[in-house]
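Colleague: Below is a structure I'd like to ask you about.
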Amino acid sequence: MKNLIALLLFILFSLTGFSQSTFNDVAPSLYRNCTTCHRVGGGAPFSMLSYSTTAPWTSAMQTALTDGEMPPWGADTSYLHFSNEREISQADKDTILQWIADGALQGNPSLLPPPPNYPQYKLNGTPDTILYMQPFNSNAGANDAYNTFIIPLSMSQSRYVRAIELIPSDPSLIHHSIIRADTAGDILADTSGNSFTILGDLSVGTYAPGTQPIIFPNSSQLKMGIPLPANGDIIMQMHTPAGTFGQTIAVEIRLYFYPIGETGIRPVYDFVPLQYWENDFWIAPNQIKTFSTEQVTFPYDISIYSAFPHSHQICTEILNYAYDTTTLDTTKLIKIDQWDFEHQEYYYYKNLVKIPTGYKYHSDHVFDNTPQNHHNPNNPPQLVTVGPYSYDEMLFDGFQFIVYQTGDELINIDSILAEDPLLTVGIWEGYSPKEKITTSTVYPNPLNNKATISFNNPVKLTNAVLKVWSMEGKSVEIQYQIENNQLEITKGTLTPNIYIYQVFDANNNKVSAGKLIIQ
């Protein structure tokens, strides 16, 4: 009998030790790291919100994770950190790889954690203006196409933009789009497919599939924005990939303005100091070459807000820095060890980066035109030269900046954006690895005078702090007290409107967020 019991215990522990993971176990890791893009309308080629749409792609997922290509974050964080980093934790990476190694089993669908509910837009609130590009049938056949579209602004006075979100009808139909502004009628549309020149006096931003909306700091420390002219035009140069001929492209541009008469807004400028177009820019088959360029720019100090490096398909590495030509003191700007043409974005610095006048900007790009570069579009490799098409190459590194003011480098962009109400709703936080977020409910909502914020999961509210913002991004005061592990709120002098709230614990960790409506 004792032997039988020992055998049964051995079998039990053996089965426990060799239990196989299922999609139920891996779903939180996928939700957390992948589904902002891997979902319908997210720009990625397949969705990871369900087992049936994920399972056929496990081999590709394993390769991408093992090679460090997913989630797509190119910047080397051992060189410099950025505000919008998107690195996967080792624990999440191991969880996904173990599930694949276990056979990518489905598990019991009834035990699957609920998937995130992604809204259509990533920025919260109602934009001040929505512009629509007239639908256009792609003229990119065997070659890529570059077209310039004009969209009237129809504004009676100039305004400062504080946030921009571009929504294409199909992200796969746009390689990237450069958005600028100018006086009405100064720039004409060009839909020949060969509109290579970037036109327009004012730079508004750049879009590529997978990029986050452009948002500028708006706080008592720092207000940044892009000035748009009264009754001007938006100029959008769009790069459409080859093979999309005849497919319809439509774009919605959502613009959030500062209030009319707002003071203290510092204008944002875009510049591309690092470009290389020389005749020796060519890479022979089976060759690895590095091209470098340097440039001195402004006769005044600047504060850099973000970087936007750019190359095409056989580029593998990018390095940008600035240095004092006398002392050789160096300021790091960005280092990318695995450049990926398909995933480009603005890299936002954690603090504004001061570049004194007289500094020189430096760029190195490495190009690998060998079969070992699996991003190489040609097999066998072909001669690659400089040019505007996807099969050409390019060195084109730009930055967003403001004119320097004393103390700029001490301003923490991270903390300002963390409390921006435009970013508090519409971002899924259900499985955040950094913060334990729980959903909360306001009742009654709308409220006339008083309401209660209760939490779906237990949270410690000792010394909790409630912060509230208007839809325009203004911090407002609200009366509240903690009762029975709930927040009892009183509207006080708040006027009828929709407001955004966040709840922080004693260590200033965000524990919940939501909307409240005051009648």
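The values are calculated or read from the model by the stated rules, or taken from the named source; none is laboratory data. Model, not experiment: these values are computed from the prediction. With ideal geometry, Cβ positions are generated from the backbone for all residues, glycine too; neighbour counts draw on all protein chains shown. Ligands, DNA and RNA are stripped out before the accessible areas are found, and what is left, the full protein with its side chains, is counted by its heavy atoms. Shrake-Rupley method; radii C 1.70, N 1.55, O 1.52, S 1.80 Å.
Colleague: Please verify whether LEU328 is surrounded by fewer than 22 Cβ atoms within 10 Å (Cβ to Cβ) and either over 19 Å from the mean Cα position of the chain (by Cα) or among the basic types (Lys, Arg) (or both), treating the condition exactly as stated. If you could, list the steps in order and put the result at the bottom.
Modeller: Numbers: surrounded by fewer than 22 Cβ atoms within 10 Å (Cβ to Cβ): yes; either over 19 Å from the mean Cα position of the chain (by Cα) or among the basic types (Lys, Arg) (or both): yes.
Yes.
Colleague: Among the residues of region 165-174, is there at least one that is under 30 Å from TRP277 (Cβ atoms) and of a type in the set (Val, Ile, Thr)? First the steps, then the outcome.
Modeller: Keep residues of region 165-174 that are under 30 Å from TRP277 (Cβ atoms), which gives 166, 168, 171-174.
Cutting the leftovers down to of a type in the set (Val, Ile, Thr) gives us 174.
Yes, there is a match, as at least one residue in region 165-174 is under 30 Å from TRP277 (Cβ atoms) and of a type in the set (Val, Ile, Thr).
Colleague: Being out of contact with any helix residue (DSSP H, G or I) (no Cβ under 9 Å at 6 or more places or on another chain), at pLDDT 95 or above, among the aromatic types (Phe, Trp, Tyr) and surrounded by fewer than 22 Cβ atoms within 10 Å (Cβ to Cβ) narrows it down to one residue among PHE298, PHE281; which is it? Talk me through it step by step, then tell me what you get.
Modeller: On the way: PHE298 fails: at pLDDT 95 or above.
Only one candidate passes the filter, namely PHE281.
Colleague: A further question follows. Go through region 476-519 residue by residue and tally those that are hydroxyl-bearing (Ser, Thr, Tyr) and either free of Cβ contacts under 8 Å to residues at least 40 places away in the same chain or not in a strand (DSSP E or B) (or both). Give the steps one after another, and end with the answer.
Modeller: So the first thing to find is which residues in region 476-519 are hydroxyl-bearing (Ser, Thr, Tyr), and the list is 480, 490, 493, 495, 499, 501, 512.
Cutting the leftovers down to either free of Cβ contacts under 8 Å to residues at least 40 places away in the same chain or not in a strand (DSSP E or B) (or both) gives us 480, 493, 495, 499.
The qualifying residues number 4.
Colleague: Can you tell me how many residues in region 379-391 are within 26 Å of the chain's Cα centre (by Cα) and open to solvent by less than 20 Å² (accessible area, probe 1.4 Å)?
Modeller: In the first step, residues of region 379-391 are kept if they are within 26 Å of the chain's Cα centre (by Cα); the result is 388-391.
Retained after the next criterion (residues that are open to solvent by less than 20 Å² (accessible area, probe 1.4 Å)): 390.
Count: 1.
Colleague: Further question: Regarding VAL476, is this residue under 24 Å from the mean Cα position of the chain (by Cα), open to solvent by 10 Å² or more (accessible area, probe 1.4 Å) and closer than 26 Å to ALA163 by Cα? Reasoning before the result, please.
Modeller: On the way: under 24 Å from the mean Cα position of the chain (by Cα): no; open to solvent by 10 Å² or more (accessible area, probe 1.4 Å): yes; closer than 26 Å to ALA163 by Cα: yes.
No.
Colleague: Go through region 351-375 residue by residue and tally those that are polar (S, T, N, Q), in contact (Cβ under 8 Å) with a residue 12 or more places away in the chain and either open to solvent by 20 Å² or more (accessible area, probe 1.4 Å) or under 28 Å from PHE216 (Cβ atoms) (or both).
Modeller: Within region 351-375, the subset polar (S, T, N, Q) is 351, 357, 363, 369-370, 372-373.
Of the ones still in play, those that are also in contact (Cβ under 8 Å) with a residue 12 or more places away in the chain are 351, 357, 363, 369-370, 373.
Among the residues that remain, those that are also either open to solvent by 20 Å² or more (accessible area, probe 1.4 Å) or under 28 Å from PHE216 (Cβ atoms) (or both) are: 351, 357, 363.
So the answer is 3.
Colleague: Mind checking which residues of region 153-209 are aromatic (Phe, Trp, Tyr), out of contact with any Leu (no Cβ under 7 Å at 6 or more places or on another chain) and closer than 22 Å to SER306 by Cβ?
Modeller: Our first condition is that a residue be aromatic (Phe, Trp, Tyr); within region 153-209, this holds for 160, 196, 207.
Next cut, out of contact with any Leu (no Cβ under 7 Å at 6 or more places or on another chain) only: 160, 196.
If the condition is that a residue be aromatic (Phe, Trp, Tyr), out of contact with any Leu (no Cβ under 7 Å at 6 or more places or on another chain) and closer than 22 Å to SER306 by Cβ, then TYR160 is the only one that fits.
Colleague: If LEU188 meets every condition in (1) open to solvent by less than 20 Å² (accessible area, probe 1.4 Å); (2) closer than 20 Å to VAL204 by Cα; (3) of a type outside the set (Ser, Thr, Tyr) apart from one, which number is that one?
Modeller: Tallying (1) open to solvent by less than 20 Å² (accessible area, probe 1.4 Å); (2) closer than 20 Å to VAL204 by Cα; (3) of a type outside the set (Ser, Thr, Tyr), LEU188 fails exactly one: (1).
Colleague: How many of the residues making up region 59-88 are over 18 Å from the mean Cα position of the chain (by Cα) and either without any contact (Cβ under 8 Å) to a residue 40 or more places away in the chain or more than 20 Å from ALA322 (Cα to Cα) (or both)? Give the derivation first.
Modeller: The first filter runs over region 59-88 and keeps only residues over 18 Å from the mean Cα position of the chain (by Cα), leaving 59-68, 78-79.
From the residues that got through so far, the ones that are either without any contact (Cβ under 8 Å) to a residue 40 or more places away in the chain or more than 20 Å from ALA322 (Cα to Cα) (or both) too are 59-68, 78.
The number of residues fulfilling the criteria is 11.
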